[in-house]
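The values are calculated or read from the model by the stated rules, or taken from the named source; none is laboratory data. Bear in mind that the values here come from a model prediction, so they are computed numbers and not experimental data. Reconstructed Cβ throughout: ideal geometry from the backbone, glycine too, with neighbour counts over all protein chains shown. For accessibility, only protein heavy atoms count, side chains too; no ligands or nucleic acids. Shrake-Rupley method; radii C 1.70, N 1.55, O 1.52, S 1.80 Å.
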Amino acid sequence: MLAAPGAASVSVVGDWNGWDPERNRLRDPDGDGVWEIRLRLRRGQEARYQFLVDGERWLDDPQAPLRVEDGFGGTSSVLQI
């Protein structure tokens, strides 16, 4: 879930989907600017990810407690499943 009012599209990209912005697009079903998705990820793994807003703005998950350097001068969020 990501609050991104005014966004036209939001994807979650990570190591589980090859950082492909087409594979896991979020939806804003009620138009309130909060984008949502449900994913099934394997238990016992660590997933690194970011949100891609409007195909150009990369964002960490503001709710993620863990972050690591992404190798491009920014950070990626980390989810331990």
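Some notes on this structure:
- Here V13 passes the criteria (1) out of contact with any Pro (no Cβ under 9 Å at 6 or more places or on another chain); (2) open to solvent by less than 70 Å² (accessible area, probe 1.4 Å); (3) free of Cβ contacts under 8 Å to residues at least 40 places away in the same chain except the one numbered (1).
- Among the residues of region 16-39, those identified as more than 23 Å from D70 (Cα to Cα), of a type in the set (D, E, K, R) and open to solvent by 70 Å² or more (accessible area, probe 1.4 Å) are R27, D30, D32, E36, R38.
- The set of residues in region 1-10 that are open to solvent by 60 Å² or more (accessible area, probe 1.4 Å) and either over 11 Å from the mean Cα position of the chain (by Cα) or without any contact (Cβ under 8 Å) to a residue 24 or more places away in the chain (or both) comprises A3, P5, G6, A8.
- Considering (1) open to solvent by less than 80 Å² (accessible area, probe 1.4 Å); (2) out of contact with any strand residue (DSSP E or B) (no Cβ under 6 Å at 6 or more places or on another chain); (3) polar (S, T, N, Q), the lone condition that Q63 does not fulfil carries the number (1).
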